[in-house]
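Below: the structure, in structure tokens.
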Amino acid sequence: MNAHAVIKAAIAHLVGGRYYPNKFPQETTRPTWPAIRGTVAVRANAASLCGSGDEADDDVSVQLDLCAEDYEAAFALRSQVRTLMEALDPPCVRQPGGFETWDAEAKVHRMTEDWVFYPSTDDA
């Protein structure tokens with residue numbers, strides 16, 4: 001499973017298509033916000049119910065960094081992302097924790113959350 005493709009298809013429209021795998025673009029001018037960065041943190045090989053252990057069945061942990069110029073916009077974006085991520089197929093579950101920060105260098109509010117996709121739980 002290409003987690004970035006699944007996420008981008010589900011939520012990129014919320015930020016004008018600015019979903020970036022692994023890093024925000026390094027622009028010479030100030031980046032355009034809001035934007036979302038997704039980073040695959042863990043791929044856990046979980047044998048499917050059929051026992052294939054295929055990479056397509058790996059459980060995938062993804063960290064999402066949701067960035068916006070003001071706190072209210074970042075908070076609203078996080079709520080919208082949660083709604084869409086919870087409706088994904090394969091199943092996707094938000095993990096406990098997450099945090100909020102102010103990035104002084106980029107001058108954005110950042111909301112960070114971890115999500116796990118569970119494609120190995122598909123019914124067979």
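Where a number appears in this text, it was derived from the coordinates with a stated rule and is not lab data. From a predicted model like this one, the values you see are computed outputs, not experimental measurements. Every residue, glycine among them, receives a Cβ derived from its backbone with ideal geometry; neighbour counts consider all protein chains shown.
Key figures for this structure:
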{"item": "Under-5 Å amide H pairs with residue 108, H placed in peptide plane, nonlocal only", "result": "103"}
{"item": "Computed FRET value (nearest 0.05) for residue 23 with residue 76, which takes r as the C-beta separation and R₀ as 35 Å", "result": "0.90"}
{"item": "For the range 112-119, 3J(HN,Hα) per residue [Karplus equation, 6.51 cos²θ - 1.76 cosθ + 1.60, θ = phi - 60°, Hz, x = Gly/Pro]", "result": "10, 9, 10, 10, 10, 8, 10, x"}
{"item": "Backbone HN-Hα couplings from phi across the range 18-25 [Karplus 6.51/-1.76/1.60, Hz, Gly and Pro as x]", "result": "8, 9, 10, x, 6, 7, 6, x"}
{"item": "Amide H contacts under 5 Å for residue 58, placed H, 5+ residues apart", "result": "46"}
{"item": "Residue 5/residue 118 FRET efficiency (R0 25 Å; Cβ-Cβ; nearest 0.05)", "result": "0.90"}
